[in-house]
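Here's the structure we're looking at; comments come further down.
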Amino acid sequence: MATYRLASGWNQCLPRRQPHPPLGENLNVDVVIIGAGFTGIACANRWQALDPNAKIVLIDASEIGEGNPGRNSGFLLEIALAEDADPSNLSTMAEANRLTRAAMGTLSDAVSMFGDPSDLHRAGTYRAAASDVGLSSLAKYETFLKAAGLTYRRLSASELKQELGTDFYQAGLYSPDCYLAQPAAVIRALASTLPKTVQVYENTQALSVTPFAGAWRVQTPNGRLTCQKVVLANNAFATQLGFARSRMAAIYTYAGLTGPLSQRKLAELGSNPDWGLLPTHRFGSTLRRTHDGRLLIRSLHDYEKEREVSSIERALKLRLQRRFPQLNPIEFESIWGGAVGFTLNGGLVWGELEPSLYASCGCNGGGTVKGTLLGQLLAEHALGYEVPDVLALFGDASWMPPEPFRTVGFHATSLWQGWQGRHER
Ligand SMILES: Cc1cc2nc3c(=O)[nH]c(=O)nc-3n(C[C@H](O)[C@H](O)[C@H](O)COP(=O)(O)OP(=O)(O)OC[C@H]3O[C@@H](n4cnc5c(N)ncnc54)[C@H](O)[C@@H]3O)c2cc1C
């Protein structure tokens, strides 16, 4: 299923929005883009700009703001994720970062035009370690930042306590190269930049994508789209349509957001009123304090299956309370899950997968800004423009073993890595 059990807490903070009606007829068009997320909207915008006569349809299984683009933690990184940082490959990384920063401009322009300035600001990001495993990955990241000439600040445990109000961590780094967002507001703003000529259908899930008489057919619950070109911009769910199954899997992760905390509780937090912190271990937890006084935690991972609701709240609360015991009891206003397109080597599923079928999937947990860039480049590529060598810059997803070996492998790796990173959870 491309929809989730629980509503996005970010989207619930916003006023209700009137979605575009679902598709209810059969249409013949030039291009169908599946997924109105960062990737799909950016692709539609660029495609229409380059080919104004193209009849483009953009469909989404959910409502804009309610799907995965509106349920992430809102870190819009201008540079590579720490996990992808490679000090031995600085020129490639510098080019990837240059392109990513340019794509960030697309998102800030969208928010300036159609959003509220508080929905997106360049607050930077902390990364912090609670154990030796985290400290060693922090040291590696610092080596990369230094070699790449990127600005950062080192923080001791007491500085982290003073700024963030938690003594959970032993050390940290602060990097300014990140925006913090209200993600549901940002994706709504990005969708508002679409030209009227792009036909959008929400609550319209692609059920199948099949070749048909030299063209493609996209079947949805109440209508069929026949098109010359089709774009898979539905990330983790492309495999459900039968594509990239040997290279990508869906990993579910979960978030909990409190309501605005009382002034008394806020006074027990640190001096920084608006921050984000990324973990130094794959199984660690992401944290945010928002400008309106809420706390967010993102943690936990499941392979290909969304977890039972009852256990999510308990686990997230425990992890948040461990970091902020002074705030007990902590209650969430909302909790939710979302799926990330995961590849074994962190590479992408990108390009023309089959004649006239294009894909940009496999975000690996960091595809808001990168997705925007890759969607734009995919449109250029499909229209025959010369584009940078995306797979050389961001990696090409490697082969994954088939089932049942893949599930067994994932659980074994999770157990091992989860144990290694147990103090970072
Ligand atoms: C809890 C959580 C926290 C995260 N935090 C961050 C973060 O802080 N920073 C960051 O960069 N990334 C983060 N991510 C990942 C981030 O959400 C993705 O990288 C980003 O949204 C990718 O954008 P996208 O447009 O490529 O794909 P997606 O956001 O996955 O969008 C795909 C769209 O396709 C639609 N769709 C799926 N299947 C179908 C179908 N069959 N038919 C029609 N439509 C379909 C979906 O409804 C969705 O709107 C997080 C993810 C989760 C789950």
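Each reported figure results from applying straightforward, stated rules to the coordinates on display, with no laboratory input. Bear in mind the structure is a predicted one, so any value in this text is a computation, not a measurement. Every residue, glycine as well, gets a Cβ built from its backbone with ideal geometry; the counts of neighbours run over all protein chains shown.
Within segment 222-251, which residues are surrounded by 21 or more Cβ atoms within 10 Å (Cβ to Cβ), under 15 Å from residue 303 (Cα atoms) and charged (D, E, K, R)? Answer for segment 222-251, where residues must be surrounded by 21 or more Cβ atoms within 10 Å (Cβ to Cβ), under 15 Å from residue 303 (Cα atoms) and charged (D, E, K, R): just 247.
From 78, 95, which residue is among the acidic types (Asp, Glu), within 19 Å of residue 366 (Cβ to Cβ) and in contact with a Lys or Arg (Cβ under 6 Å, 6 or more places away or on another chain)? Working first, answer last.
Values: 95 fails: in contact with a Lys or Arg (Cβ under 6 Å, 6 or more places away or on another chain).
Exactly one residue qualifies, and that residue is 78.
Listed here are the residues, each with its yes/no results for (1) among the polar types (S, T, N, Q); (2) touching an Asp or Glu at 6+ places or on another chain (Cβ under 8 Å).
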position	(1), (2)
13	no, no
18	yes, no
22	no, yes
57	no, no
108	yes, no
124	no, yes
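For segment 313-356, a residue qualifies if it is surrounded by 20 or more Cβ atoms within 10 Å (Cβ to Cβ) and without any contact (Cβ under 8 Å) to a residue 60 or more places away in the chain, and the qualifying residues are 348, 350. Going through (1) within 14 Å of the ligand (Cβ to nearest atom); (2) among the basic types (Lys, Arg); (3) surrounded by fewer than 17 Cβ atoms within 10 Å (Cβ to Cβ) one by one, residue 288 falls short only on (3). The number of residues in segment 343-397 being in a strand (DSSP E or B), away from the ligand (no atom under 12 Å from the Cβ) and among the hydrophobic types (A, V, I, L, M, F, W, C) comes to 2. The residues in segment 385-420 that are over 22 Å from the mean Cα position of the chain (by Cα), over 30 Å from residue 92 (Cβ atoms) and touching a residue at least 24 places away in the same chain (Cβ under 8 Å) can be counted, and the count is 3.
Which of the residues that make up segment 215-234 are of a type outside the set (Lys, Arg) and touching a Pro at 6+ places or on another chain (Cβ under 9 Å)?
We begin by selecting, within segment 215-234, every residue of a type outside the set (Lys, Arg); these are 215-216, 218-223, 225-228, 230-234.
Passing the criteria: 220, 221, 222, 223.
Every condition in (1) more than 22 Å from residue 243 (Cα to Cα); (2) out of contact with any strand residue (DSSP E or B) (no Cβ under 9 Å at 6 or more places or on another chain) is met by residue 62 except one, and the failing one is (1).
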